[in-house]
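Next up is a structure, given as structure tokens.
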Amino acid sequence: QVQLMESGGGSVQPGGSLSLSCVASGNFFVLSTMGWYRQSAGKQRELVATITGGHITKYAESVKGRFTISRDNDKKTVYLQMNNLRPEDTSVYYCNAQWGISNDWGQGIQVTVSS
């Protein structure tokens, strides 16, 4: 089982930026597809962005052009740079690691966008 530790959340005004980080344990990080998901109150968890071990990325339509996912395999870390944040981006953001049949989640970190 992979342990995932998120950091970097917080509060920001609309139009601002935040950067999230997620450090993973274990020996299979380079093989894992890493992702960021988010869940708001009363809603289902939704995909924000994913990145494969070969750095192929995928984004939700709502964040394309504003968010960037990246990874550093040497540091076993995945990042999410969030720019031009909107109030509707307010949510708990979860780091995810998928490899083989494994599917692990971080505990989540709050991002609040409000004036």
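Within a Cβ distance under 9 Å of V23, other residues only, what is the Lys/Arg minus Asp/Glu net charge?
Details: positive: K75, K76; negative: E6.
Neighbour charge sum, excluding V23 itself: +1.
If we count every other residue with Cβ under 15 angstrom of K43's Cβ, Lys/Arg +1 and Asp/Glu -1, where does the sum land? Mind showing how you got there, number by number?
Working: positive: R38, R45; negative: E46, E88, D89.
With Lys, Arg at +1 and Asp, Glu at -1, the net is -1.
Hey, rough spin-label estimate for E88 and T52, points 7 angstrom out along Cα→Cβ, what's it come to in nanometres?
3.0 nm
While we're here: In debye, nearest 20, what is the charge dipole magnitude of the chain about its Cα centre with +1 on Lys and Arg Cβ and -1 on Asp and Glu Cβ, if you could check? Don't jump to the answer; show the numbers that get you there.
Values: 10 positive and 8 negative charges, 25 e Å.
Charge dipole, the chain, about its Cα centre: 120 debye, nearest 20.
Further, regarding this structure: Go through segment 65-76 residue by residue and turn each phi into a ³J(HN,Hα) via Karplus (6.51, -1.76, 1.60, θ = phi - 60°); whole Hz please, and just put x for glycine and proline.
Going residue by residue, I get x, 10, 10, 9, 9, 8, 8, 10, 5, 5, 8, 6 Hz, with x marking Gly and Pro.
Express the relative contact order of the chain as a whole percentage, based on alpha carbon pairs under 8 Å and six or more residues apart in sequence. Walk me through the numbers before you get to the answer.
Details: 282 pairs, mean separation 41.8, N = 115.
So the answer I get is 36 percent.
For segment 12-32, list residues with backbone N below 14 Å from a point placed 7 Å from the Cα of Q98 toward its Cβ?
32
Where in segment 72-101 is the amide nitrogen less than 20 Å from a point lying 7 Å along the Cα-to-Cβ axis of Q44?
Hits in segment 72-101 for Q44 at 20 Å: 89-98.
Report ³J(HN,Hα) in whole Hz for each residue of segment 49-58, in order, from the Karplus equation J = 6.51 cos²θ - 1.76 cosθ + 1.60 where θ = phi - 60°; Gly and Pro get x.
Using θ = phi - 60°, the values come out as 6, 9, 8, 7, x, x, 6, 7, 10, 9 Hz.
Which residue, chosen from L20, F67, G53, occupies the Cα position most advanced towards the positive end of the dipole of the chain, where the dipole is computed from +1 (Lys, Arg) and -1 (Asp, Glu) charges on Cβ about the Cα centre?
Ranked along the dipole, the leading option is F67.
Give me a comma-separated list of calculated 3J(HN,Hα) values for segment 88-97, in order, Karplus coefficients 6.51, -1.76, 1.60 applied at θ = phi - 60°, integers in Hz, x for any Gly or Pro.
Using θ = phi - 60°, the values come out as 6, 7, 4, 4, 8, 9, 10, 8, 9, 10 Hz.
A follow-up question, please. Let me spell out the model: positive unit charges on the Cβ of Lys and Arg, negative unit charges on the Cβ of Asp and Glu, origin at the Cα centre of segment 43-102. What dipole size does that give, in debye rounded to 20?
Values: 9 positive and 6 negative charges, 6 e Å.
Approximately 20 debye in magnitude.
A follow-up question, please. I'd like the antiparallel share, as a percent to the nearest 5, of DSSP beta bridges with both residues in the chain. Show your work: numbers first, answer last.
Values: 38 of 41 bridges.
If we restrict to bridges inside the chain, about 95 percent are antiparallel.
No lab work stands behind these numbers, since they all come straight from the coordinates. Bear in mind the structure is a predicted one, so any value in this text is a computation, not a measurement. Cβ: placed from backbone, ideal geometry, glycine included. Neighbour counts: every protein chain shown.
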